[in-house]
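> Below you'll find the structure I mean.
The values are calculated or read from the model by the stated rules, or taken from the named source; none is laboratory data. What you see is a predicted model, and the numbers here were worked out from it, not measured in a lab. Cβ: placed from backbone, ideal geometry, glycine included. Neighbour counts: every protein chain shown.
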Amino acid sequence: MHYGSERPSAPLSTQFTRRQLFLGAFGLAAATTLVGCGIGEGSAIDVTEDTELSVGVIPVADFAPVYVAAEQGFFAAEGLKVRTQVMQNAAAIAPSVINGQLTFGTAAVPPFLAASAKGLPLLAVANGTSIAPEADKDPSALVATKASGATRPKDLEGRTVAVNALTSIVHVAAAAAIKNDGGDPSKVNFVAMPFPDMVPALARNAIDAACLVEPFQVQAVNGGATVLEHPYSKVFYPNGSFTVIFTAGPFAEKNPDVVAAFQRAVDKGSELAAEDPKVVGQVLQKYGKLPPEVFEKMRLPMFSTELSEPALAHASELMHSLGFLPEQPSIEEAVWKP
């Protein structure tokens, strides 16, 4: 798809088939990998003291606790050898966890739920970040160009709105915000675009609006975009999980002590991230190449150790009501129990 000065011509509805939902959540490469390797094969391994565990992490603030746990020696204190593997997008993480190339993965709640609804054997084992109920602490933003004339979410009907991926958390948030404001999300032309490309696309009016997160929302606002709403705090479960760390069910079943130790280390990383934002800035600068001056202006997500099943259930119901999930997964079966 071309994102030049011309607007994308083919509208994308918020209604999808089950196959489109899955491909939107984890990408075509993911589906191909799953077919090739077989679900869960290679993940039910015995872990020894010499086994190196790997975690696929996107270098954004939401998953800073994993990096903090590695940098601060929390994994080592639990007797674990853990290597963080930087991933530029979530498309390859879930299939890599399922086929054993990665031991653990990271994801926002919507794509995790979409995969669970497909029957993939993934288990959430730790919380990543939670929803801050206050709009002034919300790192997400639904923004529009001045040229669009939009002043509220409902005004985006008939306009082109960029999201980082179809069925992503920002796509769900934007659609819910529009619906809650009395609009019809199916009349919005949602297009997939990487976060870094959204800011210049807004500046040249190639798109009317975008739903993005930090550090891109502050860059968009500095570039003249208007904030219509901070949607996470409006549409998701307050103080509830919106990103998770997960593993494959066969691995958790065979290595419960390893998963428990991993969970404890990540929770320590979350606690430190919540207490000392500077450690978050340090790992984002090291792994995400984020300039310190940008970090200083960011709204950080809420770091919490509580993996909230009610929040997952709320997100599942929301996605179902918007047409993102034809069938809702069992939340109880999607969360690892020690």
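> When you go through (1) in contact (Cβ under 8 Å) with a residue 40 or more places away in the chain; (2) not in a loop (DSSP other than H, G, I, E, B) one by one for Ala165, which number turns out not to apply?
Of everything listed in (1) in contact (Cβ under 8 Å) with a residue 40 or more places away in the chain; (2) not in a loop (DSSP other than H, G, I, E, B), Ala165 misses just condition (2).
> Show me the helices (runs of 4 or more DSSP H) entirely contained within the stretch 283-338 in which 1 or more residues are free of Cβ contacts under 8 Å to residues at least 24 places away in the same chain and polar (S, T, N, Q).
309-321
> Run down Ile245, Ile207 and say which single residue is more than 26 Å from Gly323 (Cβ to Cβ) and not in a helix (DSSP H, G or I). Working first, answer last.
Details: Ile207 fails: more than 26 Å from Gly323 (Cβ to Cβ).
Going through Ile245, Ile207 in turn, the sole match is Ile245.
> Moving on to the next point. Please determine, by comparing only the residues of the stretch 182-213 that are touching a residue at least 40 places away in the same chain (Cβ under 8 Å) and among the acidic types (Asp, Glu), which one is surrounded by the most Cβ atoms within 10 Å (Cβ to Cβ).
If we take residues in the stretch 182-213 being touching a residue at least 40 places away in the same chain (Cβ under 8 Å) and among the acidic types (Asp, Glu), then Asp208 is surrounded by the most Cβ atoms within 10 Å (Cβ to Cβ).
> With respect to the numbered conditions (1) at pLDDT 95 or above; (2) closer than 30 Å to Ala147 by Cα; (3) not basic (Lys, Arg), which one is the sole condition not fulfilled by Asp267?
Among (1) at pLDDT 95 or above; (2) closer than 30 Å to Ala147 by Cα; (3) not basic (Lys, Arg), Asp267 violates only (2).
> Still on this structure: Go through the stretch 50-64 residue by residue and tally those that are touching a Leu at 6+ places or on another chain (Cβ under 8 Å), modelled with pLDDT of 90 or more and either farther than 15 Å from Ala94 by Cα or among the charged types (D, E, K, R) (or both).
2
> Of all the residues that make up the stretch 148-159, how many are touching a residue at least 60 places away in the same chain (Cβ under 8 Å) and surrounded by fewer than 23 Cβ atoms within 10 Å (Cβ to Cβ)?
To start, the set of residues in the stretch 148-159 that are touching a residue at least 60 places away in the same chain (Cβ under 8 Å) comprises 148, 150-153, 155-156.
Imposing the further condition that a residue be surrounded by fewer than 23 Cβ atoms within 10 Å (Cβ to Cβ) reduces the set to 148, 150-152, 155.
Residues that pass the stated criteria total 5.
> Which count do you get for residues in the stretch 214-233 that are among the acidic types (Asp, Glu) and surrounded by fewer than 23 Cβ atoms within 10 Å (Cβ to Cβ)? Let's see the steps before the verdict.
So the first thing to find is which residues in the stretch 214-233 are among the acidic types (Asp, Glu), and the list is 214, 229.
Going one step further and asking which of them are surrounded by fewer than 23 Cβ atoms within 10 Å (Cβ to Cβ), we end up with none.
Counting residues in the stretch 214-233 that are among the acidic types (Asp, Glu) and surrounded by fewer than 23 Cβ atoms within 10 Å (Cβ to Cβ) gives 0.
> On the given criteria, is Val259 in contact with a helix residue (DSSP H, G or I) (Cβ under 9 Å, 6 or more places away or on another chain), within 17 Å of Ala126 (Cα to Cα) and among the β-branched types (Val, Ile, Thr)? If you could, list the steps in order and put the result at the bottom.
On the way: in contact with a helix residue (DSSP H, G or I) (Cβ under 9 Å, 6 or more places away or on another chain): yes; within 17 Å of Ala126 (Cα to Cα): yes; among the β-branched types (Val, Ile, Thr): yes.
Here the answer is yes, as Val259 does meet what is asked.
> Report, by residue number, each residue of the stretch 71-112 that is over 19 Å from Pro250 (Cβ atoms), without any contact (Cβ under 8 Å) to a residue 60 or more places away in the chain and more than 16 Å from the chain's Cα centre (by Cα).
Answer for the stretch 71-112, where residues must be over 19 Å from Pro250 (Cβ atoms), without any contact (Cβ under 8 Å) to a residue 60 or more places away in the chain and more than 16 Å from the chain's Cα centre (by Cα): Gly73, Ala76, Lys81, Arg83, Gln85.
> Just the residues that are assigned to a loop (DSSP other than H, G, I, E, B) and farther than 20 Å from Phe195 by Cα, please, taken from the stretch 132-160. Can you show your working first?
Initial filter on the stretch 132-160 (assigned to a loop (DSSP other than H, G, I, E, B)): 132-134, 138-139, 145, 149-152, 157-159.
Hits for the stretch 132-160 are Ala132, Pro133, Glu134, Gly149, Ala150, Thr151, Arg152, Glu157, Gly158.
> Consider the stretch 168-204. How many of its residues are in contact with a Gly (Cβ under 9 Å, 6 or more places away or on another chain), hydrophobic (A, V, I, L, M, F, W, C) and not in a helix (DSSP H, G or I)?
Qualifying residue count, the stretch 168-204: 2.
> Hey, another quick one. Hey, any hits in the stretch 230-245 for a residue that's touching a Ser or Thr at 6+ places or on another chain (Cβ under 7 Å), over 30 Å from Pro338 (Cα atoms) and not polar (S, T, N, Q)?
Yes: one or more hits.
> What's the number of the condition Asp257 fails, among (1) assigned to a helix (DSSP H, G or I); (2) under 25 Å from Val170 (Cα atoms); (3) acidic (Asp, Glu)?
Looking at each condition in turn, Asp257 falls short on (2).
> From the residues in the stretch 278-324 that are closer than 21 Å to Glu134 by Cβ and of a type in the set (Lys, Arg), which one is surrounded by the most Cβ atoms within 10 Å (Cβ to Cβ)? Spell out how you get there, then give the answer.
Going residue by residue through the stretch 278-324, those that are closer than 21 Å to Glu134 by Cβ are 280, 295-306, 308, 310-311, 314-315, 318.
Within this subset, residues satisfying the condition of being of a type in the set (Lys, Arg) are 297, 299.
Numbers: Lys297: 12, Arg299: 19.
Ranking the candidates gives Arg299 first.
> Also: Report yes if Gly42 is outside any loop (DSSP other than H, G, I, E, B), of a type outside the set (Lys, Arg) and at pLDDT below 85, otherwise no.
The answer is no for Gly42.
> Separate question: Quickly run through the stretch 221-241 and pick out the residues that are in a helix (DSSP H, G or I) and over 16 Å from the mean Cα position of the chain (by Cα). Break it down stepwise before answering.
Step one: list which residues in the stretch 221-241 are in a helix (DSSP H, G or I), which gives 221-222, 231-235.
Once the filter is applied, which keeps residues that are in a helix (DSSP H, G or I) and over 16 Å from the mean Cα position of the chain (by Cα), the stretch 221-241 yields Val221, Asn222, Lys234.
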